[in-house]
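Scroll down for the structure; my scribbles are underneath it.
The values are calculated or read from the model by the stated rules, or taken from the named source; none is laboratory data. Everything numeric here is computed off the predicted structure, so don't read it as measured data. Note: ideal-geometry Cβ built from the backbone for every residue, glycine included; neighbour counts use all protein chains shown.
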């Protein structure tokens, strides 16, 4: 019934299986990829015709994680998968970026690539499996895809590279790098690193490329068994005459426009040239008009790229290694916890840092279960930043991707939760953009956190590199402009500290780059990052030692786990009372780590002292602050150390005699007491009279010592007992007169003692 085709390879210590022909047979291409016990289904469908007037390639990639894959039910009211999560959005971009450049120019058929995680083993990240499945499905679908690509994850620990490390191994290691590559060249790089050198990062990319070749080979084997007939591509019309017409008409205008350094003025001149070209083709057929628009873009690219390769002349007049002017200002906003305004050329970001408590952590519900993130970075790109009118609202895929890139750059230098127990949110609002706003976010985010007092290991800077490649001739560009990004062949972003790289991202618009180009770009980026760090240090050289007056303070306290119940109290009674009385916020975890937070340091101290009073043991001879909680005839009970009570006997209230306790003390009164004694049962005896009630200083005990009682001697020398002498075995029925015999008792009447004289009991009538 099923014509199933399957390929298996041993890869990174596990079996990678690619299967087609059993599932989703109506799609143009469908592959079930299994790695370990992680299974991803990818289905590709392509429109058979192009919409009239369409002049772009509508490729859409969707990656979705099914909660059932991990044996979980989604949270929330609807209990089903709904809108894409951040991780799903990022993985969709991860798949899109390397495959998009591998479709031929002029192919405008709409394509859907849908990847669904059906099984998740908790060890192998599904993103790599999804990338492999997508590449295989495109390869066998028959669409004009110039792949396949392979994908691999690389870790690094103890000087060794790890192929497709488990999730736990990635956390424990120094690198999380994802590479997508064809047989011949690298197409895409995404990474987070703990300040690794350029050589280590380059080695990781080459290691990954070697692993990608194994996957490419497996996909080719599957295609040999199951690939559909390739689509026939329509022949491209000869446009050389139209191209020459445009060059003669507006070539000089475009060249002049790209010598203007101001972006707005340059855009105006280019728009004038485009309008002239449009007028020249006004009477042409719609297809020719659309072709003319494409030729206009090609002509712009040729002029700009040729100038750079010929004499190193860039659009704004800089050399290939020169960085635009930088201005950095910290403390830019008065009420934020930390802020920075970072401007590089015509790219600008306002970055703010906000500090919060554990309650502010982001809850993430995914295949691995509920998790909490204490560092967030959000990136916004309003349309006015590029002088345009457009949609303004919820972030799109681009904003999510740029924010995550900056997050990866800054995450490795954050302090541990033990060092800095705050939730941190960095917000980047791009107010101007002309190239590399994500790297401006890295620089501004680093400065704003330093301004907020976050103890970063070192400041982080970032730079975007470009590439112009024609045959064997190439030029690497530092700090690229927006137009250089659009007209160039590579967008390569590198961020890091003075000690090494923290993130690296690369997207290629051509069929890959060589090791030589990659190495040149890394070394040139290192010089650029160092320059930017120097400019940043002029604004703020080191982390501020004091937090903002508007930021919450958090103090941590570690207690023994056996004391957790005492601090919380029955039904949370004690901890609620601490919060209500002091005004501070108190969080306690299962390991006994307590976090006390408030913007008022006095509230923190009050809560801390209260908790210490509960968990610490009282010391004999030590003076404590206390509160009278109950008055009795023989003294007062005083609560001290937060959760302990002791008795101040009436004789220990003052040196002089106290007739009535209520005349001297009242409930709720604050007093200072000294611990005199703690008996084996834990009962505490306190004294007020030996403590100065104003200063808390211990006073000299001036009360005369009580004279010792005389020795009473043995009980036998003290005379006969009232009950008949010292002989406890004597007749207890004897009367009070010693040995007098009372005689037999008269029988009582039924009414008890009513027959006694005067109605008294008979023993009161004895003489």
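Tabulated data for the structure shown
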read-out: Some residue of the range 389-398 being closer than 21 Å to residue 447 by Cα and either surrounded by fewer than 21 Cβ atoms within 10 Å (Cβ to Cβ) or not assigned by TED's automatic domain parsing to the domain that holds residue 335 (or both); value: no
read-out: Checklist (1) part of a loop (DSSP other than H, G, I, E, B); (2) without any contact (Cβ under 8 Å) to a residue 40 or more places away in the chain applied to residue 54, failing item; value: (2)
read-out: Considering residues of the range 482-515 that are assigned to a loop (DSSP other than H, G, I, E, B) and modelled with pLDDT of 85 or more only, the residue surrounded by the most Cβ atoms within 10 Å (Cβ to Cβ); value: 488
read-out: Subset of the range 373-417 [more than 27 Å from residue 267 (Cα to Cα) and without any contact (Cβ under 8 Å) to a residue 12 or more places away in the chain]; value: 394, 416
read-out: Filter result for the condition that a residue is assigned to a loop (DSSP other than H, G, I, E, B) and free of Cβ contacts under 8 Å to residues at least 40 places away in the same chain, over 336, 319; value: 319
read-out: Qualifying residue in the range 468-481 (condition: surrounded by 20 or more Cβ atoms within 10 Å (Cβ to Cβ), part of a helix (DSSP H, G or I), in contact with a helix residue (DSSP H, G or I) (Cβ under 8 Å, 6 or more places away or on another chain) and in contact (Cβ under 8 Å) with a residue 60 or more places away in the chain); value: no
read-out: Residue in the range 641-649 that is farther than 24 Å from residue 569 by Cβ, crowded, with 20+ Cβ neighbours inside 10 Å and either out of contact with any helix residue (DSSP H, G or I) (no Cβ under 8 Å at 6 or more places or on another chain) or touching a residue at least 24 places away in the same chain (Cβ under 8 Å) (or both) present; value: yes
read-out: Output for the range 593-614, where each listed residue is modelled with pLDDT of 85 or more, part of a helix (DSSP H, G or I) and touching a helix residue (DSSP H, G or I) at 6+ places or on another chain (Cβ under 7 Å); value: 603, 606, 607, 610, 611
read-out: Which listed residue, of 71, 83, 147, 142, is surrounded by fewer than 20 Cβ atoms within 10 Å (Cβ to Cβ) and touching a residue at least 40 places away in the same chain (Cβ under 8 Å); value: 142
read-out: Subset of the range 605-621 (residues that are in contact with a strand residue (DSSP E or B) (Cβ under 6 Å, 6 or more places away or on another chain) and within 26 Å of residue 700 (Cβ to Cβ)); value: 618, 620
read-out: Considering residues of the range 154-174 that are over 21 Å from the mean Cα position of the chain (by Cα) and not in a loop (DSSP other than H, G, I, E, B) only, the residue surrounded by the fewest Cβ atoms within 10 Å (Cβ to Cβ); value: 160
read-out: Residue in the range 437-454 that is outside any helix (DSSP H, G or I), within 15 Å of residue 402 (Cβ to Cβ) and in contact with a strand residue (DSSP E or B) (Cβ under 6 Å, 6 or more places away or on another chain) present; value: no
read-out: Selection count, the range 158-176, where residues are without any contact (Cβ under 8 Å) to a residue 60 or more places away in the chain and touching a helix residue (DSSP H, G or I) at 6+ places or on another chain (Cβ under 7 Å); value: 4
